[in-house]
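One structure below.
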Amino acid sequence: MSKIYTRQGDNGKSLSPDGLKNKNDITFEIFGTIDEVQAHVGLLYETMKDHQYFLKLNENLKLIMKELYKISSSLYTKNESLTDNIVKILENWIDEMDNDLLPLTEFILPIGSKSSAQAHIVRVLVRKLERLFIGWDNDMKYKEIRIFLNRLSDYFFTLARFLEEK
């Protein structure tokens with residue numbers, strides 16, 4: 001088994017898809033934010049895993065975490081590769097939850113349950129990732145990823161509301 005440390009980044013630089021860059025480069029900020037989103041999605045998953053009612057939602061979260069890995073891979077290989085129809089899948093999940101919710105008539109607070117609050121944290125982090133990504137992807141090379149991130153934050157907003165009401 002190889003060691004976890006390589007000492008290659010000790011000087012503040014790391015290897016990116018475009019060669020050696022400073023660790024504070026926006027590329028690493030994007031990869032780090034993807035990692036942060038994944039970790040928080042994992043925490044959300046853990047808050048719901050003991051509830052039989054949420055089994056389908058947790059399967060959705062697993063698919064989302066896998067999709068986030070695909071985004072990292074896509075950015076590293078410079079080859080966009082998302083699951084076919086993933087945006088439509090997210091939209092269907094949103095619509096299914098939305099059909100069970102009361103109409104939204106006012107701003108909502110990110111409270112109510114641990115799961116709901118955690119879904120709000122994920123939503124905020126996905127929005128942060130989307131902003132970073134748009135600033136990095138000036139030439140719109142990764143249009144599907146842009147659309148996915150936008151819809152993903154909508155999914156977590158709706159999920160937070162759904163968890164609050166259930």
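Computed from Cα positions, the angle between helix 114-136 and the longest principal axis of the chain comes to roughly 40 degrees.
Using only Cα atoms, what Kirkwood radius does segment 118-157 have, in angstroms? After inverting the mean inverse Cα-Cα distance, the result is 10.1 Å. Taking the chain as a Gaussian network of alpha-carbon nodes connected by springs under 10 Å, the highest mean-square fluctuation of the residues ASN92, ASN24, ASN150 belongs to ASN24.
Considering only Cα atoms, the convex hull volume of segment 20-85 works out to 79 Å³ per residue.
Here TRP93, TRP136 are placed in order of increasing Cβ neighbour count within 10 Å, fewest first, which gives TRP136, TRP93.
Spin-label pair LYS128-ASN58: with each label point 7 Å from Cα along the Cα-Cβ axis, the two points sit 2.6 nm from one another. Of LYS128, LYS88, LYS114, the residue with the greatest mean-square motion in the GNM of the chain, using alpha carbon springs below 10 Å, is LYS88. Residue-wise HN-Hα couplings along segment 45-55, as the Karplus relation 6.51 cos²θ - 1.76 cosθ + 1.60 with θ = phi - 60° gives them from phi, are 3, 5, 5, 10, 5, 8, 9, 3, 4, 9, 4 Hz; Gly and Pro carry x. Annotation: extensible slack from LYS166 through LYS88 equals 25.7 nm (criterion: 0.36 nm per residue apart, minus Cα-Cα distance). For the listed residue pairs LYS23/LYS88; LYS3/LYS23; LYS13/LYS66, the alpha carbons are over 23 angstrom apart in LYS23/LYS88; LYS13/LYS66. Amide H contacts of LYS13: LYS23, each under 5 Å away and 5 or more positions distant or on a separate chain (H built 1.01 Å from N in the peptide plane; Pro and chain starts excluded).
Using only alpha carbon pairs under 8 Å that are at least six residues apart, calculate the relative contact order of the chain and give it in whole percent.
On the way: 146 pairs, mean separation 44.7, N = 166.
RCO, the chain: 27 percent.
Only alpha carbons enter this Debye calculation for segment 69-136, each as an equal point scatterer, and the log10 of I(q)/I(0) it gives at q = 0.11, 0.29 Å⁻¹ is -0.41, -1.27. Identify which of the listed values of volume of the Cα convex hull per residue in Å³ was calculated from the structure shown: [x] 121; [y] 148; [z] 106. It is the one labelled [y]. For the chain, modelled as a GNM whose springs connect Cα atoms under 10 angstrom apart, the maximal fluctuation among GLU106, GLU96, GLU59 occurs at GLU106.
Along segment 95-107 the Karplus relation, 6.51 cos²θ - 1.76 cosθ + 1.60 evaluated at θ = phi - 60°, assigns HN-Hα couplings of 4, 4, 5, 4, 4, 9, 9, 5, x, 7, 10, 7, 5 Hz to successive residues, with x for each Gly and Pro.
Going by C-beta contacts inside 10 Å, put ARG127, ARG161 in order with the fewest on the left.
Working: ARG127 16, ARG161 21.
The most exposed by this proxy come first: ARG127, ARG161.
Coordinate-derived values only; no laboratory data. Only a predicted model underlies this, so the values are computations on that prediction, with no experimental measurement involved. Note that each Cβ is placed from the backbone with ideal geometry, even for glycine, and that neighbours are counted across all protein chains shown.
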